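> Input: one structure, supplied below.
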Amino acid sequence: MNWTLEVVVVPVADIDRAKKFYAEQLGFQVDHDTSFGEVRIVQLTPPGSGCSIVIGRGAVPDMPPGSLKGLQLVVRDIRAAHAELVARGVDVSEVTTLGENPTPTPDPLDNVGFVFFSDPDGNGWAVQQISSRA
């Protein structure tokens, strides 16, 4: 049996500000933005991902904005991802090497190259280079 992670709820204070950040600055696809009564749900998906994020109010768990840490995206080329984030105006760390590669790879950053950023509410994200899975 396959168990796939499909949605992660990201707690935000301002839905429109967060939607703009994720869609315009990070390039996530807006899958839907639905409102009914006091409920609003916005689902966004990173390019190439099988897992989406949901921001909203009413039908999502009540968590303090900015309390989610450790979300991680995977890319083939961390240098290119860093350049894209900088070009999109994201306040992102420099490329950092964490640990040592367990096996030799053509690119010394493969598996161990990371950048870090936070959304406007302080939810923390990492981006890791894993060429074989991105």
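The values are calculated or read from the model by the stated rules, or taken from the named source; none is laboratory data. All of these numbers come straight from a predicted model, not from anything done at the bench. Note that each Cβ is placed from the backbone with ideal geometry, even for glycine, and that neighbours are counted across all protein chains shown. Protein only, heavy atoms only, side chains kept; ligands, DNA and RNA dropped before computing areas. Shrake-Rupley method; radii C 1.70, N 1.55, O 1.52, S 1.80 Å.
> Out of everything in region 16-31 that is of a type in the set (A, V, I, L, M) and open to solvent by 20 Å² or more (accessible area, probe 1.4 Å), what residue ends up being farthest from the chain's Cα centre (by Cα)?
V30
Residues checked against (1) more than 24 Å from E6 (Cα to Cα); (2) free of Cβ contacts under 8 Å to residues at least 60 places away in the same chain; (3) touching a helix residue (DSSP H, G or I) at 6+ places or on another chain (Cβ under 7 Å):
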{"position": "P65", "(1), (2), (3)": "no, yes, no"}
{"position": "G70", "(1), (2), (3)": "no, yes, no"}
{"position": "V74", "(1), (2), (3)": "no, no, no"}
{"position": "E94", "(1), (2), (3)": "yes, yes, no"}
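> Please specify each residue of region 120-130 satisfying the condition of being touching a strand residue (DSSP E or B) at 6+ places or on another chain (Cβ under 9 Å) and either open to solvent by 10 Å² or more (accessible area, probe 1.4 Å) or part of a strand (DSSP E or B) (or both).
Residues satisfying the conditions are G124, W125, A126, V127, Q128, Q129, I130.
> Given the options A23, A59, name the one that is modelled with pLDDT under 95, small (G, A, S) and in contact with a strand residue (DSSP E or B) (Cβ under 6 Å, 6 or more places away or on another chain).
A59
> Sticking with this one: Do any strands (runs of 3 or more DSSP E) entirely within region 1-106 hold 3 or more residues that are touching a Lys or Arg at 6+ places or on another chain (Cβ under 9 Å), and if so, which?
Fully inside region 1-106 and qualifying: 29-36, 39-45, 52-57.
> Of the residues that make up region 32-51, is at least one touching a Pro at 6+ places or on another chain (Cβ under 6 Å), modelled with pLDDT of 95 or more and open to solvent by less than 40 Å² (accessible area, probe 1.4 Å)?
No, every residue in region 32-51 fails to be touching a Pro at 6+ places or on another chain (Cβ under 6 Å), modelled with pLDDT of 95 or more and open to solvent by less than 40 Å² (accessible area, probe 1.4 Å).
> Ok, one more. Checking L109 against (1) of a type outside the set (D, E); (2) in a loop (DSSP other than H, G, I, E, B); (3) open to solvent by 80 Å² or more (accessible area, probe 1.4 Å); (4) over 23 Å from E6 (Cα atoms), which single condition isn't satisfied?
(3)
> Follow-up. Residue under question is V8, and the condition is that it be hydrophobic (A, V, I, L, M, F, W, C), touching a helix residue (DSSP H, G or I) at 6+ places or on another chain (Cβ under 7 Å) and either modelled with pLDDT of 95 or more or open to solvent by 70 Å² or more (accessible area, probe 1.4 Å) (or both); does it hold?
no
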